[in-house]
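Please treat every number below as a calculation from the coordinates, not as lab data. Given the structure is predicted, the values throughout are model-derived calculations rather than measurements.
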């Protein structure tokens, strides 16, 4: 989940947060974007297409069992 927080200038600072940790009331007055909300914004992807972040989250998990320190490509 992304949280928009003012940084003291005209700009907004986006911070990624693990949604399981803080209570919802902690984000009172802040803009929150979840992975579900990424695909709803108008843009070049068109309707029905997933945002790249959503595509990565929906991709099958690749596990490397029995190999320590293996990186998942």
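Some values worked out for this structure:
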quantity: Gained length - residue 49 relative to residue 15, 0.36 nm times residue gap less alpha-carbon distance; calculated: 9.8 nm
quantity: Cα gyration tensor of the stretch 1-40 - equivalent ellipsoid semi-axes, whole Å, descending; calculated: 18, 14, 8
